[in-house]
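I have placed the structure first, in the form of structure tokens, so that the comments after it can refer back to it.
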Amino acid sequence: MNWRIVWTVLAKELRETIRDRRTLFMMIVIPTLLYPGLMVVIEQLTLFGQRRLSERPAAVAVQGADPALDAFLRRDSAIRLLPPDSATPAAVRRGHAEAAIVVPRAALGEAGTDSLRVLFDASDDRSQRAKEVVGRKLSAWNDSLIAHRLAARGLPPGFARPLAVADSSVATAEETGAYALGRFLPVILILMTLLGAFYPAIDLAAGEKERGTLETLLTAPVPAREIVTGKFAAVTVLAMASAAANLLSMLLTFQSGIFKFAKAAHVKFTLPWSTAALVLVGLIPLAVLFSALFLGIAVRSQSFKEAQNALTPVQLASTLPILVISLPGIDFNAALAAVPVVGIAMMFRELMAGTARLVPSLIAFGTTVVYAGLALHFAARAFGREDVLFGGGAGAAPKLGWRERWTAMRTGPRRVPLPAEALAFVAAIALLYFHAGTALQARFGEKGLLWSEWGLLFLPAVLLVALGPFDARRTLALRRPTARGMAGALLLALGGIPLGWALGWLQIQALHLEIPREMMGALQRLVTATDLPRFLWLLLLVAVTPAFCEEAVFRGVLFQGLAREERMWRTVGLTALVFGAFHLSGETAIRFLPTAWIGVLMGIAVWRTRSIYASMLMHFVNNGLAVVIVSRPELRRAAMSDTGEPSWVLVALAPLALAAGLWLLPRRSTAAGDAVAASSAGRSES
């Protein structure tokens with residue numbers, strides 16, 4: 001590596017970016033100036049809104065109340081009483097009354113309890129304020145009634161209030177401010193780091209392609225890797241500069257002490273410079289990660305607009321998960337620290353709150369460094385491919401109308417879907433299944449599940465192959481496997497299932513996850529057979545149907561689409577991750593890891609046998625075995641305990657079955673695999 005050339009390229013890119021004053025202004029100047037002005041404006045608008053709401057008394061209608069209560073409310077200047085006929089839901093909904101007090105029955109006298117209802121409109125600000133005002137007055141009226149009753153019976157005022165509870169936070173104003181800062185400051189900081197890399201990466205990759213200057217640059221008598229390194233360093237420097245400028249501006253803004261709300265709430269926003277320095281160090285691998293990832297994706301696009309479209313989903317996928325740091329009850333543990341972007345965001349939160357622990361922090365920083373290295377490798381490979389740099393890659397779509405594209409697609413040679421086409425198909429299927437499949441299952445139960453699998457998974461896969469320019473045999477891997485291959489797949493499943501149980505059990509113990517009882521009860525009822533007809537029905541519903549329908553989508557369209565351009569482990573791994581994510585539920589995430597594990601094994605079997613029938617067999621065995629074990633108590637007790645702990649004897653024997661299965665599976669050399677993939681893609685690698 002000639003660092004002099006790298007430095008020359010870095011200086012050139014930075015100089016060009018700085019010359020583009022609009023970009024520089026939008027990236028650094030605007031956010032830096034924005035925070036003080038924005039915060040002051042927000043505070044002033046909030047005060048203005050509160051004054052507007054309280055400038056006139058709340059219009060309240062009272063119906064059926066004691067005259068004394070009516071007189072008590074009338075004496076308050078913050079309340080304007082309306083006639084009793086306005087105390088209806090319709091009047092409140094139309095805004096004739098902002099709130100209404102309805103007493104449905106007569107007063108019970110000195111010893112009884114009156115019931116009353118306060119009507120208000122939760123979608124209207126004035127109505128909500130009226131409800132708060134009425135609530136305070138009714139509470140005061142309740143106290144006066146109690147005092148009157150006690151006095152009438154000669155009892156002391158404390159007789160009806162044996163316990164007075166008062167809460168008082170032991171946290172200092174600085175600690176409360178640090179806690180609040182940790183809930184939102186990391187989100188803004190990471191978002192600005194991301195945006196700092198977003199536009200420079202597009203401009204230095206796709207932008208240069210569009211302007212036609214990238215080819216000129218790459219024809220210079222210097223190695224391409226040094227040009228790439230220089231570009232990458234420029235994007236990283238700009239991302240870090242943007243993040244540092246935003247961090248400094250936010251620190252100075254929050255520590256200025258100009259916010260009246262903070263003073264009124266006894267909150268003081270302070271952040272030690274040592275903490276800010278640690279946060280800035282943590283931003284370095286994060287900036288590298290974003291820069292490399294965005295460069296690697298942007299260089300595959302042919303224009304600035306195309307790169308924006310390609311990076312927008314990545315931007316959303318990178319930022320939305322970090323909102324988890326604002327949720328209560330989420331602890332910073334080792335598992336969460338290893339999640340990309342989320343781990344480093346949690347570390348920032350704990351640093352700002354002054355509660356950062358060493359081990360999770362080191363894991364968060366270390367894993368972010370690893371992810372940054374992987375992103376660098378991804379970007380370097382993209383810049384090393386001539387078809388990506390000079391067109392002809394997967395992103396080089398012909399500029400045709402929809403009719404011409406459809407005609408060309410129908411009349412073109414039969415092929416396997418591109419990776420982008422396969423991923424788009426699975427995304428559409430997942431969305432369809434989430435909305436339509438959930439509704440079908442909620443309404444029709446087990447029949448709805450059956451219809452969802454065949455109608456929303458299998459049928460779209462078949463239609464895609466039948467109507468698109470795809471070769472059905474290769475797209476769905478409809479190749480007859482050998483008996484030895486099927487035996488290997490069977491052993492792989494039998495060995496992988498106990499290990500999947502162990503993975504699920506260990507993740508529950510390590511992460512202290514709770515299994516929702518309702519969900520587990522529903523799953524147990526679903527796979528429990530009480531007689532032979534029920535057993536056969538469950539085999540059809542739970543074992544046979546997913547083996548056909550889900551495999552057609554995941555090890556069929558998705559796996560074969562990825563395999564045409566990716567190598568084995570990336571194809572297997574990405575398919576397994578998508579397969580595991582597809583089985584996530586709203587109640588818990590405990591199914592992800594065991595499902596992804598089985599997905600890895602099924603992917604290996606399909607890669608080695610080149611046949612979807614191998615994964616169909618494994619899927620059938622995995623799900624069918626669950627039906628058998630749950631339905632037979634003696635088998636269930638032999639497989640796992642009542643708490644779900646797997647039989648460690650079976651777990652210990654599982655690697656033997658795995659090894660035997662891998663040995664039986666046919667070999668598929670890398671060269672042969674590449675040749676097949678290249679043949680499928682209709683391209684040759686030179």
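Computed over the range 284-340, the P(r) curve from all C-alpha pair distances, binned at 10 Å from the origin, holds 19, 41, 26, 12, 1 percent per bin. The lysine pair count for the chain, using Cα distances under 16 Å and pairs eight or more places apart or on different chains, is 5.
DSSP bridge analysis restricted to the chain gives an antiparallel fraction near 35%, rounded to the nearest 5. Label zone (ARG149, point 7 Å along Cα-to-C-beta; backbone nitrogen cut-off 17 Å) within the range 157-201: 157-163. Taking the square roots of 5 times each eigenvalue of the Cα gyration tensor of the range 127-205, largest first, gives ellipsoid semi-axes of 56, 19, 6 Å. Between PHE434 and PHE159, the contour length at 0.36 nm per residue exceeds the Cα-Cα span by 93.2 nm.
Please find the FRET efficiency linking ARG632 to ALA581, where r is the Cβ-Cβ separation and R0 is fixed at 51 Å, and quote it to the nearest 0.05.
Values: r = 32 Å, r/R0 = 0.62.
E(calc), rounded to 0.05, equals 0.95.
The overall shape of the range 535-626, judged from the alpha-carbon gyration tensor, is oblate: a/c is not under 1.5, and a/b is no greater than b/c.
Suppose every Lys and Arg Cβ carries +1 and every Asp and Glu Cβ carries -1, with no other charges. What dipole size does the chain come out with about its Cα centre, to the nearest 20 debye? Mind showing how you got there, number by number?
Values: 67 positive and 48 negative charges, 225 e Å.
With Lys and Arg at +1 and Asp and Glu at -1, about 1080 debye.
Rolling a 1.4 Å probe over the protein heavy atoms leaves ARG474 with an accessible area of roughly 80 Å².
Are there trypsin sites (Lys or Arg not before Pro) in the range 122-155 that DSSP marks as loop and that have at most 16 other Cβ atoms within 10 Å, and which are they? The partial results should precede the final answer.
Details: sites: ARG126, ARG129, LYS131, ARG136, LYS137, ARG149, ARG153; in loops: ARG153.
For trypsin sites (Lys or Arg not before Pro) across the range 122-155 that sit outside H, G, I, E and B with at most 16 neighbouring Cβ atoms in 10 Å, the list reads ARG153.
For the range 244-381, rounded, prolate or oblate, judged on the Cα gyration tensor with a ≥ b ≥ c (square roots of eigenvalues), a/c < 1.5 rounded, else prolate if a/b > b/c? Here the range 244-381 falls in the prolate category. Let me make sure I get this right: for the range 175-222, a, b and c are the square roots of the gyration tensor eigenvalues over alpha carbons, sorted descending. Under 1.5 in a/c it's rounded, otherwise prolate if a/b > b/c, else oblate. Which is it? Here the range 175-222 falls in the prolate category. Placing R0 at 60 angstrom, the Cβ-Cβ distance between THR270 and TRP537 gives a FRET efficiency of 0.40 after rounding to 0.05. Considering only alpha-carbon pairs that sit under 8 angstrom and 6 or more positions apart, the relative contact order computed for the range 585-659 is 12 percent. Rounded to the nearest 0.05, the FRET efficiency derived from the C-beta distance between PHE444 and ARG381 at R0 = 45 Å is 0.40.
The values are calculated or read from the model by the stated rules, or taken from the named source; none is laboratory data. Bear in mind that the values here come from a model prediction, so they are computed numbers and not experimental data. Cβ atoms come from the backbone with ideal geometry, glycine included; neighbour counts cover every protein chain shown. Just so you know, the surface numbers come from the protein's heavy atoms only, side chains and all, with ligands and any DNA or RNA stripped out. Shrake-Rupley method; radii C 1.70, N 1.55, O 1.52, S 1.80 Å.
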